[in-house]
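The values are calculated or read from the model by the stated rules, or taken from the named source; none is laboratory data. No experiment lies behind these values; they were computed from the predicted model shown. Here the Cβ positions follow ideal geometry from the backbone for every residue, glycine too, while neighbour counts run over all protein chains shown.
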Amino acid sequence: MAILGKIRERSVFLIIIIAMALFAFVLTGLFDVNSPLFNKNTNVIGEINGETISREEFAQLVDQQRARTGNRASQLQNVKTAWDNLVREKVYKTQLEKSGIVVGEKDVWDEVLKQPFIQNSPLFKNEIGLFDEEKLKEYIATLKDNAGEDAQSEAQWLGWLEYERNIKTNLELNTYSNLIKIGLGATLKDGERDYLDKNTKYDLEYVHVPLTYIADSLVTVTDDEIKDYVKNHREEFESEASRNLSIVKFDLKATPEDEAAIEAELKNLVNDRDEYSSAAKTNIKVVGLVNTEDYTQFFAENRSDTPIDNAFYTKSRIFPSLKDTIFSFKKGEVYGPYKDGEYFKLTKVVDVKQLPDSVKSRHILIPFLGARSADATVSQTEDEAKKTADSLLTVLKNDTSKFADFAKEFSVDRSNNEKGGDLGWYNYTRMVPEFRDFTFEGSTGDLGVVKTVFGFHIIEIEGQKNKQDAVQLATFSRRIEASEATENTIFERAETFASDLNNGQDMVELAKEKNYTVLPLNSLKELDERVSILGNQREIVKWAFERTTEENEIKRFDIENGYAVVKLDKKNKKGLSIGNSKARVRTILINEKKVQMIKEKMEGATLKEIAEKFAKNVSSSSAVSISSPVLPGVGRVPELIKTLSLLETDKVYDKIEAQNAVFAIKLTKRELPAQIDNFQSFANTLSRTLQNKGNQAYEVLKKTAEIEDNRAVFY
């Protein structure tokens, strides 16, 4: 009662404390880097050429991309692909609008109607077998109406939207590419000029002064000159924001003691044993692997780390170090525990039988909604597809000669339906389990219906070869993992290391003292997903780019199979950055100064006078051309040869820079090629060359587009 009285006396004080805590919580949310206070447009994912991209619009595109790729891509990979596709679409759209061309809904619809699979699908044909546009519209409307019913229906609707979007994007791309091609054509006059340029031959005399004539030590380049070069070549040195990190990884690895405990645990599972049951309040008999007959239950109750495998194995398919032992065991015997990679295992011989090493069969595949083989035209439910397959089987049991015709008419397996469903000869591992088991465990001549992830298969076994012993194994596994005690030890090491660093100790020195390895990671980008050897660690990337994360800040992260202590070493801002290119820039500037020094020294009325200035000889070459731009003692000089068409004969030209050298030249002869009647082939070749360069237009357009990218805030 005294305590309750004190609480009542201090109730006002407690209310004030609680209110302050709530207020602090609210302020924490307000001042978070992702709060509306710092991000006025929290619903804007980006902007492309002045067009705002909302978060909802972009999320839908990501969902469509995910539906298309399934689990084959990570979230960020789907985000990147969706963004790249969107940028391409908007960039082309802007250019087409500037050209007065718009790809509208009717253009997209007309293109959809042209697609062969739309025109030929029985779903969209009327009673007399002709394509019916209204049936297609009805089908699309049904997809839209059913989109909210379940995940499968939603995926089908998103798939259709993605299909339409791809049609539109391809139309825009092709339209713009065609505009570029029209503008990059070549006339007959262009063809004539190209013919003359490439086939005119030149005789010349020259003095060749390579840049190596001047030693690098005689040229000085200052840091200010390097900075000026970088400023004047901004596009080459523009870099996005990045981060430099230092990482120490703590792996959760099983100790020898952990391995011994796991091995002992598996030994205990081999034979029957008595265990005390708290429910029964007495000892009960627990069946071991040797005597169990319900392997699914045994694997589940004892928590096997690998699933049960019902396949049969011939000697050639079993791990070499195990095959002789296993094939010496009788049905019902157990081998192990034995170590296999990351597992300790027990293997029991469940069954032994004779199986062929290869089978020949043919099939008819009938898909249903949701089956892996189903495309947008499939409308049959699973029950309807099963009835179709059973009906065909009934007919075939009475007359197998119709099999090939049925395969051509009904099977959606385009890899073999035109061949009557013939799959040829295949081995045990080629087919999915249900198909495999029917064809390998059955007999030649068997005919039946089998369901797989692809749909219902009507299968006929046409042949079997080389029957031999095969074993069915029940292999129980336990992954070799760190025990709870080991996990606690590793966690304490990581936590202590991070704490010591936060208290001011140097990472490199402390890691050296503790015998840890520091992994440096430079140039981490804001939309990166992979963090060196840690794998995909988006959380670390986002932390490194948060406004509130300061240089030298330390944080411990949970990663797969361990922990990582990460230090943010440096924030590299977006802008001009020379990075590792300083030596290259210095070489460029040294060469530029050498060229100028050689040009200043290159004086003289004749080539001989110029050659004497550099202690060189006057060289000569005959019949050089753009097609064969080689000078003796120099090598290929295509840029130099291209200038010869502009020069007069018997006149000295000096201070010509080309191929890391400076030349003085006198053209002694120009020989034009033979005249021909038609230059069309040369004009055509030139057109193709120009149009191929036109394919690079998108990258140029993308560079000049105004793009604001806020994806990193949301993903």
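Points to keep in mind about this one:
- Check on His363, touching a strand residue (DSSP E or B) at 6+ places or on another chain (Cβ under 7 Å), within 29 Å of Trp160 (Cα to Cα) and assigned to a strand (DSSP E or B): no
- Test: residue in the range 669-687 that is polar (S, T, N, Q), surrounded by fewer than 13 Cβ atoms within 10 Å (Cβ to Cβ), outside any helix (DSSP H, G or I) and at pLDDT below 95: yes
- Set Leu686, Leu701: member being more than 30 Å from Ala59 (Cβ to Cβ) and not small (Gly, Ala, Ser): Leu686
- Residue match in the range 335-346 (condition: loosely packed, with under 14 Cβ neighbours inside 10 Å and basic (Lys, Arg)): yes
- Counting only strands (runs of 3 or more DSSP E) wholly contained in the range 396-473, the ones carrying 2 or more residues that are without any contact (Cβ under 8 Å) to a residue 24 or more places away in the chain occupy 447-452.
- When Lys702, Lys616 are screened for being outside the structural domain of Leu173 (by TED's automatic domain parsing), closer than 30 Å to Val91 by Cβ and of a type outside the set (Gly, Ala, Ser), only Lys702 passes.
- Filtering the range 642-691 to residues that are of a type in the set (Gly, Ala, Ser) and either over 43 Å from the mean Cα position of the chain (by Cα) or not assigned by TED's automatic domain parsing to the domain that holds Lys593 (or both) leaves Ser645, Ala661, Ala664, Ala674, Ser681, Ala683, Ser687.
- Residue ID - surrounded by the most Cβ atoms within 10 Å (Cβ to Cβ), chosen from residues in the range 228-247 that are without any contact (Cβ under 8 Å) to a residue 60 or more places away in the chain and more than 34 Å from the chain's Cα centre (by Cα): Asp228
- Selection status of Lys249, modelled with pLDDT of 90 or more and under 30 Å from Lys574 (Cβ atoms): yes
- Restricting Glu560, Glu513, Glu546, Glu600 to those that are without any contact (Cβ under 8 Å) to a residue 24 or more places away in the chain, exposed (fewer than 15 other Cβ atoms within 10 Å of the Cβ) and not assigned by TED's automatic domain parsing to the domain that holds Asp654 reduces the list to Glu513.
- Residue in the range 535-551 that is modelled with the highest pLDDT, counting only those that are within 16 Å of Leu519 (Cβ to Cβ) and assigned to a loop (DSSP other than H, G, I, E, B): Gln537
- When Asn166 is tested against (1) without any contact (Cβ under 8 Å) to a residue 12 or more places away in the chain; (2) under 30 Å from the mean Cα position of the chain (by Cα); (3) outside any helix (DSSP H, G or I), just one condition goes unmet, and that condition is (3).
- With respect to the conditions (1) closer than 30 Å to Glu699 by Cα; (2) in contact with a Leu (Cβ under 7 Å, 6 or more places away or on another chain), Glu164 lacks only one, and its number is (2).
- For the range 92-117, a residue qualifies if it is of a type in the set (Val, Ile, Thr), modelled with pLDDT under 85 and in a helix (DSSP H, G or I), and exactly one does: Thr94.
- Against the numbered list (1) outside any loop (DSSP other than H, G, I, E, B); (2) modelled with pLDDT under 90; (3) within 36 Å of the chain's Cα centre (by Cα), Asn310 comes up short only at (1).
- Members of the range 86-115 that are farther than 14 Å from Thr169 by Cα and under 30 Å from the mean Cα position of the chain (by Cα): Gln115
- Screening the range 453-473 for residues that are of a type in the set (A, V, I, L, M) and modelled with pLDDT under 95 and picking the one that is surrounded by the fewest Cβ atoms within 10 Å (Cβ to Cβ) gives Val453.
- In summary, Lys98 fulfils each of the numbered conditions (1) under 29 Å from Gly535 (Cβ atoms); (2) free of Cβ contacts under 8 Å to residues at least 24 places away in the same chain with the single exception of condition (1).
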